[in-house]
Amino acid sequence: MPFTSLDLQKINSGQLQMHQPVPWAICDEKGQLLLEKGGMIESTEFKLILEKLGYFAYQVESDVPQPVQFNKRKVNPFAEFEDLSFRLGELFSQLEKGTVFGPGVVKRRIFDVITQVQGLVQHDADALLGAVHLNDRLDYIVHHPMQIAILTELVLERLKIPQKIRLSVLAAALTSNVAMNPYQKILHQQTSPLTDKQRDMIHRHPVEGVRQLKNAGIDDELWLMLVAQHHEKLDGSGYPAGLKGEAVRYEARLLAVADVYSAMVTPRVYRGPLRLKESLKDLMQQGGVTLDAKIIRIFITELGLYPPGVFVRLNNGDLGVVVGRTPDPKCPVVASIKKSDGNFFPSPRKRRTSDADYGIKYVCDATERVQINPANLWGLDAIRVEVRRPEFSEVSEFLRQLS
């Protein structure tokens with residue numbers, strides 16, 4: 001019987017597992033049942049058919065938290081980002097201290113952060129990306145998961161993944177490294193090689209994270225599975241279980257790409273300007289080996305090569321900050337803030353980097369960053385950019401040129 005009363009979501013490659021019960025009833029685009037919920041996929045051929053033709057039916061549940069709506073009131077994404085990060089840090093601190101929470105408290109607090117992040121993405125994704133890239137005051141244990149969650153939500157929105165699944169994926173993005181939090185500051189300051197004890201701790205932290213979350217009352221199976229798998233690799237070189245290929249959940253592959261992409265686009269104190277072409281080649285070379293190539297393509301298409309908030313040097317010598325993505329992933333909108341002679345502009349100057357004079361020369365390292373009030377770039381919509389997002393085909397030729 002057709003699923004006439006239910007919404008349908010296209011199945012992505014990697015969401016189905018061989019010899020495991022499917023989590024939903026699978027149908028075709030007309031709603032005709034192909035496989036009942038709990039049914040088993042026993043052949044590769046049938047799996048390929050389901051991935052090509054299959055949809056899963058889901059019903060919007062009234063008790064599933066929805067994104068906060070910011071569109072009808074003014075909001076400062078930069079202040080909101082700092083507030084959400086502070087609240088996440090407070091929760092991490094309480095978890096580290098072993099605070100005993102009431103039933104559902106941790107889940108509710110994580111979902112509260114997630115739904116506000118989602119609302120900010122819908123309200124002004126470029127400004128929120130700017131907030132996460134420009135903020136250099138937050139501890140790594142908070143900044144990194146917030147960045148991963150924001151990047152992941154952009155892709156989940158692009159793929160139109162149902163909200164119930166999004167909540168679990170974003171919750172895993174925020175909490176995957178919860179077991180590593182007590183050690184991160186030491187590891188970031190350490191210049192000597194890892195000890196055997198430290199290496200063992202790193203390889204065990206996904207399993208330990210699952211244990212801590214369960215102790216805190218988390219029983220969301222997908223959330224816990226993604227925490228357990230967030231360091232697994234397609235070629236089996238990941239940890240802690242050494243899963244390989246399709247044994248790694250599609251959503252875990254997405255989190256892995258978000259993690260690597262984040263590292264690629266974020267300048268570090270200890271390195272010079274990022275070499276775009278070499279960095280992108282390195283990311284693409286991991287596609288199909290350790291990372292999912294299709295997900296890499298989606299990330300590059302959605303986020304561009306220069307995400308908002310990244311400092312760049314232009315061909316004319318200007319120092320600028322990326323403030324808006326465009327259909328061309330290598331030509332974002334930049335706000336010039338400092339002239340080639342070292343003097344600041346009285347107010348930011350909008351530059352279209354498709355113009356050769358204002359093309360991006362390189363991504364700046366930490367030594368070239370300057371203190372700036374983000375509100376001057378986004379706060380009054382002075383340089384607000386409203387453009388359509390690029391289609392996958394629009395970056396294909398560029399990616400082929402790099403490979």
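Quick notes on this one:
- Gyration tensor (alpha-carbon) shape descriptor, the range 153-303, a/c threshold 1.5: oblate
- Å² of accessible area per residue within the chain, as computed with a 1.4 Å probe and no ligands counted: 49 Å²
- Residues of type lysines that LYS197 reaches as a straight line, Cα spacing below 19 Å, ignoring anything fewer than 8 places off in the same chain: LYS185
- In this structure, ASP136 and GLU36 have a Cβ-Cβ separation that, at R0 = 60 Å, corresponds to a calculated FRET efficiency of about 0.70.
- Taking TYR55, TYR183, TYR306 in turn, the Gaussian network model of the chain (Cα-Cα springs below 10 Å) assigns the largest fluctuation to TYR183.
- Label-to-label distance for LYS160 and LYS339 is 5.0 nm, based on points extended 7 Å past Cα in the beta-carbon direction.
- Computed 3J(HN,Hα) for the range 355-360, one whole-Hz value per residue from the Karplus formula 6.51 cos²θ - 1.76 cosθ + 1.60 where θ = phi - 60°, is 6, 4, 5, 10, x, 7, glycine and proline marked x.
- Classification of the range 18-60 by its C-alpha gyration tensor yields an oblate form. The axis ratio a/c (a ≥ b ≥ c) is 1.5 or more, and b/c is at least a/b.
- The alpha-carbon of LYS52 sits under 13 angstrom from the alpha-carbons of these aspartates and glutamates, leaving out residues fewer than 8 places away in its chain: ASP28, GLU29.
- Taking amide H positions as modeled 1.01 Å from N, with prolines and chain starts lacking one, the residues under 5 Å from LYS361 and 5 or more places away or on another chain are ARG313, LEU314, ASN315.
- Rounded to whole Hz, the Karplus (6.51, -1.76, 1.60) HN-Hα couplings of the range 88-100, x for glycine and proline: 5, x, 5, 5, 4, 4, 5, 5, 5, 7, x, 4, 8
- Whether the range 52-168 is rounded, prolate or oblate, judged on the alpha carbon gyration tensor where a/c under 1.5 counts as rounded: oblate
- Karplus-based coupling profile of the range 128-143, in residue order and whole Hz: 5, 4, x, 4, 6, 7, 7, 6, 10, 9, 7, 5, 4, 5, 9, 4, with θ = phi - 60° in 6.51 cos²θ - 1.76 cosθ + 1.60 and x standing for Gly or Pro.
- Cross-link partners of LYS339 among aspartates and glutamates (Cα-Cα below 18 Å; sequence separation of 8 or more within a chain): ASP318, ASP355, ASP357, ASP365, GLU368
- The SER354 and HIS188 beta-carbon pair, evaluated with R₀ = 41 Å, returns a calculated FRET efficiency of approximately 0.60.
- Each listed q (0.11, 0.12 Å⁻¹) maps to a log10 I(q)/I(0) for the chain, found by the Debye formula over equal Cα scatterers with no solvent: -0.87, -1.03.
The values are calculated or read from the model by the stated rules, or taken from the named source; none is laboratory data. Just so you know, these numbers come straight off a predicted model, no measurement behind them. Glycine gets a Cβ as well: all are built from the backbone with ideal geometry, and neighbour counts include every protein chain shown. Just so you know, the surface numbers come from the protein's heavy atoms only, side chains and all, with ligands and any DNA or RNA stripped out. Shrake-Rupley method; radii C 1.70, N 1.55, O 1.52, S 1.80 Å.
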